[in-house]
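The values are calculated or read from the model by the stated rules, or taken from the named source; none is laboratory data. This structure is a prediction, so every number in the text was calculated from the model and none was measured. Note: ideal-geometry Cβ built from the backbone for every residue, glycine included; neighbour counts use all protein chains shown.
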Amino acid sequence: MMNRKTSEILYREALEHIVGGVNSPSRSFKAVGGGAPVFMDKAQGAYFWDADGNQYIDYLAAYGPIITGHAHPHITKAITEAAANGVLYGTPTALEIKLARMLKEAIPSMDKVRFVNSGTEAVMTTIRVARAYTKRNKIIKFAGCYHGHSDLVLVAAGSGPSTLGIPDSAGIPTSIANEVITVPFNDLDCLREALEHWGEDVAAVMVEPIVGNFGMVMPESGFLEGLCRMARANGSLVIYDEVITAFRFHYGSTQTYAGLDNLDAIQPDLTALGKIIGGGLPIGAYGGSKQVMEQVAPLGPAYQAGTMAGNPASISAGIACLEVLQGEGVYEEMERLAVKLTDGLQAAAERHGVPMTINRIRGAFSTHFCDHPVTNYEEAQDTDGEAFAAFFRHMLDRGINLAPSKYEAWFLTTAHTDADIDTTLEAADESLRLMAQGK
Ligand code: PMP
């Protein structure tokens, strides 16, 4: 058993000063049986060292941004140089143009871009812009898709298309929740019904075009195409939340991903970005066609601003991260390691008689403790959370750091090696063996 005494002491201390002891609820171990989360001390490449000096192989990648591994030298250099030049100007800089150009080249549906500080802000603003443009109020979203913690999108509950939103958080007025309609992912019939019912009230249909928040879930063939067609026929905009997916599977986003059919027919009006595009520093961005983006102040009536937006440190880190991702064969190598890892995990699960469904998209995947496919939120909910919690804890004790939630993905980074995969598979074999014994 690994000694994590210092983490336990730090957790007790943190509870005294920080609500719940964590600065984001997803970091707590509540979903995996509670207790002290691990307090990490240092990170380098694919590894973490905790406050007791234990080493871990990391597949959390900070929930996605750390695709080049921790403290990548090219990004560290960019951040150091930016810091030495002054971290915040409150004026425009040439750097912002460079990153905006890089994003536009990779994601051509964006004629114009605006930088903000988080994925939450990016999504929140796309909704405002869509409302300003269409002069309508309602949003259709998909159950289980997470779009940050702003009022409107924290509504995910409700299965039928005519069900009005029930907020997932206290403090959200019913009047706001009533502006959201939730339908199941991959279900065009429900979307059609919702659009028929709410028609001219719907400003936008918002979706994670490849889902990253109830496992990694691909859109079924024709889903995004049907979504775009129906939304447009209704005069609604299409918003893609690509906060997780942009630059995750290839140098581009879902809307430019060769793994999907008919890309011309699945281009959104607005895109929200975050995570990877900041190289690990706080960032968000949104963009879309010139016509739609001209709604934004100072050109148009939709107001959005930010003291920290486009700060030189985040922008420099983002540019450096994308430069690393432009390297030859970077995504192919992450995929190769992910295939090796998922093949090994599936074989180990079968060996020990533990049901496991793996959804892998290039270098990212999710492991679901169930014996059915996971194509929507309902199916993701209907998986064994206790089995996941046991697996998570056994893996942690063997030096493998995963997200403490059955819904989150494993992310390969450019820093992982074959040796890391071998070590991980040994830990998984042992963990699954223990689980088969009811431990
Ligand atoms: N959209 C998606 C798809 C996300 O996964 C997240 C964060 N996990 C967000 C939005 C919110 O981003 P942030 O945490 O940077 O506010």
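Conditions tested, residue by residue: (1) surrounded by 19 or more Cβ atoms within 10 Å (Cβ to Cβ); (2) within 16 Å of the ligand (Cβ to nearest atom); (3) more than 13 Å from the chain's Cα centre (by Cα).
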site	(1), (2), (3)
Ser221	no, no, yes
Arg229	no, no, yes
Gly235	no, no, yes
Phe249	yes, yes, no
Asp264	no, no, yes
Pro268	yes, yes, yes
Gly274	yes, yes, no
Pro282	no, yes, yes
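Of the residues making up segment 1-35, those that are closer than 25 Å to Gly148 by Cα and not in a helix (DSSP H, G or I) are Ile18, Val22, Asn23, Ser24, Ser28, Phe29, Gly33, Gly34. Report yes if some residue within segment 177-188 is at pLDDT 95 or above and within 16 Å of the ligand (Cβ to nearest atom); otherwise report no. Looking through segment 177-188, at least one residue is at pLDDT 95 or above and within 16 Å of the ligand (Cβ to nearest atom). For segment 48-146, the helices (runs of 4 or more DSSP H) that sit wholly inside it and include 3 or more residues that are within 16 Å of the ligand (Cβ to nearest atom) and not small (Gly, Ala, Ser) are 119-134.
Conditions tested, residue by residue: (1) among the polar types (S, T, N, Q); (2) under 22 Å from Leu337 (Cα atoms); (3) outside any helix (DSSP H, G or I); (4) in contact with a Leu (Cβ under 7 Å, 6 or more places away or on another chain).
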{"residue": "Asp371", "(1), (2), (3), (4)": "no, no, yes, no"}
{"residue": "Thr375", "(1), (2), (3), (4)": "yes, no, yes, no"}
{"residue": "His416", "(1), (2), (3), (4)": "no, yes, yes, yes"}
{"residue": "Ile421", "(1), (2), (3), (4)": "no, yes, no, yes"}
{"residue": "Thr424", "(1), (2), (3), (4)": "yes, yes, no, yes"}
{"residue": "Leu434", "(1), (2), (3), (4)": "no, no, no, no"}
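Taking Ser253 as the residue in question, decide whether it is within 16 Å of the ligand (Cβ to nearest atom), among the hydroxyl-bearing types (Ser, Thr, Tyr) and in contact (Cβ under 8 Å) with a residue 60 or more places away in the chain. Against the criterion (within 16 Å of the ligand (Cβ to nearest atom), among the hydroxyl-bearing types (Ser, Thr, Tyr) and in contact (Cβ under 8 Å) with a residue 60 or more places away in the chain), Ser253 qualifies. Of everything in segment 72-118 that's over 21 Å from the mean Cα position of the chain (by Cα) and among the β-branched types (Val, Ile, Thr), which residue is nearest to Tyr251 (Cα to Cα)? For segment 72-118, the residue satisfying everything is Ile97. Scanning segment 189-214 for residues that are within 11 Å of the ligand (Cβ to nearest atom), assigned to a strand (DSSP E or B) and closer than 23 Å to Val292 by Cα, we see that the one that is farthest from the chain's Cα centre (by Cα) is Met206.
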